[in-house]
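**Q** My structure is below; once you've seen it, I'll send some questions.
Throughout, read-outs are computed from the coordinates displayed, never taken from laboratory work. Not measured: the values here are computed from a predicted model. Note that we place each Cβ from the backbone using ideal geometry, even for glycine, and neighbour counts take in every protein chain shown.
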Amino acid sequence: MAATEPASAAAAAPGIAGARIGVITFPGTLDDRDAVRAVRLAGAEAVSLWHADESLQDVDAVVLPGGFSYGDYLRAGAISRFAPAMSAVVDAAKGGMPVLGICNGFQVLTEAHLLPGSMVKNDHLHFVCREQSLIVENARTAWTNEFRRGQQITIPLKNQDGQFVADERTLDELEGEGRVVFRYDGWNPNGSRRDIAGISNERGNVVGLMPHPEHAVEAGFGPASAEGPRAGVDGLTFFTSVLSSLVHA
Amino acid sequence: MGRVVVEVMPKPEILDPQGKAVVGALPRLGFTQFSGVRQGKRFELEVDGEVTPEILAAAREAAATLLSNPVIEDVVSVSDAAAVPGEATGTPVSA
């Protein structure tokens, strides 16, 4: 029945109906289904894309999800970067299409040179899995425009190769151009330079971060928040932000 | 059959957590002589024929584009195994 259809998302954000967001699956990707779910909960249509396909099926934005593509055997993200779908992503990103790289997806974006720097093993050598507090440093990107600058958010973090590194000149450029999008708050969980958790390209359409917004999109299944245990949905704002940027593009 | 050996090391300015783990374990076995360890990677690229200058050039390109990430790693050598003493057979060096 039309009256009881789950139309809340469309009603909450008129004009976004029909937005299509692709989620690429590589061999070894783990979080593609969660990313697809996050896209749907934000009110858009999720399009599953396969790494070996050259076509992005005319999607409006792309998410590179987390996991261990190709086992991370060479370096995290190193082999995925040469997947046929990535050539299309690189071209589309240069044309302004919003691209979000989460965890392993962030590593793929650095290997593809869409974002600077790289990730090496956590300084303490352990895998970390925790609810991570972040500060939003840039609320103007395609994926963060519904946050406030300086806003504290909490989303899950889980990685082994999460230490963001770049040379000092690159780090100064990122800071100077406002391209540090997220910084770790309270504790730096992996030794990342200057507490950097996520960055963007010059244009702000490409964003990469180590923590996982797609795991904090539905009350009851997210991190703890002021509303209660597992109530945190800060990750959903990434996906509503990109819909908002598509409407105003 | 020819073989090209490519060696890749973490850049000196990048902290090498793997090397750090190894250097921490050495004293527990009585090896107290070693103050630092850096862990790198060695690739052996096999070719059907001889290792020609063209093959070496291709190996250098592969080393720079896929086998290493210049942000965190240096390619320290690309060599024809046959031209390096002791490398031709790939026999492990015994203690």
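**Q** How large is Rg over Rh for chain B, taking Rg from the Cα atoms and Rh as the Kirkwood inverse mean of 1/r across Cα pairs? If you can, show how the numbers build up before the last one.
**A** Numbers: Rg = 15.9 Å, Rh = 15.1 Å.
My calculation puts Rg/Rh at 1.06.
**Q** Could you tell me the extents of the range B:27-70's C-alpha atoms along the three principal axes, largest first, rounded to whole Å?
**A** Between the extreme Cα coordinates on each principal axis of the range B:27-70 lie 46, 25, 13 Å.
**Q** Shielding by partners for A:30-38, please: the mean number of other protein chain Cβ atoms within 10 Å of each residue's Cβ. Numbers along the way, then the final one.
**A** Details: counts 0, 0, 0, 0, 0, 0, 0, 0, 0.
That average works out to 0.
**Q** Going toward the positive end of the dipole of the range B:2-83, with +1 on Lys and Arg Cβ and -1 on Asp and Glu Cβ, which of B:18, B:2, B:58 do you reach last?
**A** Looking along the dipole axis, the top candidate is B:18.
**Q** Here is a follow-up. Across the range A:119-246, what fraction of all alpha-carbon pairs, as a whole percent, falls in each successive 5 Å bin from zero upward?
**A** The percentages, shortest bin first, are 2, 12, 21, 24, 20, 14, 6, 1, 0.
**Q** Rank these for me by crowding, A:68, A:127, going from fewest to most other beta carbons within 10 Å.
**A** By the 10 Å Cβ count, ascending, the order reads A:127, A:68.
**Q** Now, a different point. Could you pull out every one of the aspartates and glutamates with an alpha carbon less than 12 Å from that of residue A:121, ignoring same-chain neighbours closer than 8 positions?
**A** A:72, A:161, B:16
**Q** Something else now. Where the only charges are on Cβ atoms (+1 Lys, Arg; -1 Asp, Glu), what is the dipole of the range B:2-83 about its Cα centre, to the nearest 20 debye?
**A** Values: 8 positive and 12 negative charges, 125 e Å.
Dipole about the Cα centre, nearest 20: 600 debye.
**Q** Counting helices only, and only those DSSP H runs with n ≥ 4, report the 222 nm mean residue ellipticity of the protein assembly as shown as the sum of -39,500 (n - 2.57) divided by its residues, in deg cm²/dmol to the nearest 500.
**A** -6000 deg cm²/dmol
**Q** On to the next question. What would the Debye equation give as log₁₀ I(q)/I(0) for the range A:17-162 at q = 0.08, 0.18, 0.21 Å⁻¹, counting only Cα atoms as equal point scatterers?
**A** Rounded to two decimals, the profile gives -0.21, -1.15, -1.49.
**Q** Would you work out the charge dipole size for the range A:130-178 about its Cα centre, treating the Cβ of every Lys and Arg as +1 and the Cβ of every Asp and Glu as -1, and quote it to the nearest 20 debye? All intermediate terms of the calculation are to be shown ahead of the outcome.
**A** Numbers: 6 positive and 10 negative charges, 75 e Å.
Charge dipole, the range A:130-178, about its Cα centre: 360 debye, nearest 20.
**Q** Something else now. I'd like to know which of A:191, A:118, A:144 lies farthest towards the positive end of the charge dipole of chain A, counting +1 on Cβ of Lys and Arg and -1 on Cβ of Asp and Glu.
**A** In chain A, that residue is A:191.
**Q** Take peptide A:109-119, look around each residue's Cβ out to 10 angstrom, count Cβ atoms belonging to other protein chains, and average those counts. Provide the component values of the computation, followed by the final result.
**A** Numbers: counts 0, 3, 3, 0, 1, 0, 0, 1, 2, 6, 3.
For peptide A:109-119, the averaged partner shielding equals 2.
**Q** Continuing with this model, one more query. Of A:235, A:209, A:180, whose Cα points farthest to the positive end of the dipole of the range A:19-247 (charges on the beta-carbon: +1 Lys, Arg; -1 Asp, Glu; origin at the Cα centre)?
**A** The residue sitting farthest along the positive end of the dipole is A:235.
**Q** Give the Cα extents of chain A along the principal axes, in whole Å, largest first.
**A** On the principal axes, chain A reaches 55, 44, 33 Å in Cα extent.
**Q** Just counting partner chain Cβ atoms within 10 Å, what average do the residues of peptide B:68-75 show around their Cβ?
**A** If you average over the peptide's residues, the count of other-chain Cβ atoms is 5.
**Q** What is the set of long-range amide H partners of residue A:77 at a cut-off below 5 Å, with H atoms built 1.01 Å from backbone N?
**A** A:69, A:72
**Q** Please identify the chymotrypsin sites (Phe, Trp or Tyr not before Pro) of the range A:73-116 that satisfy two criteria: DSSP loop assignment and at most 16 other Cβ atoms within 10 Å. Which are they? Intermediate results must be reported in sequence, preceding the final value.
**A** Details: sites: A:73, A:82, A:106; in loops: A:73.
The qualifying sites are A:73.
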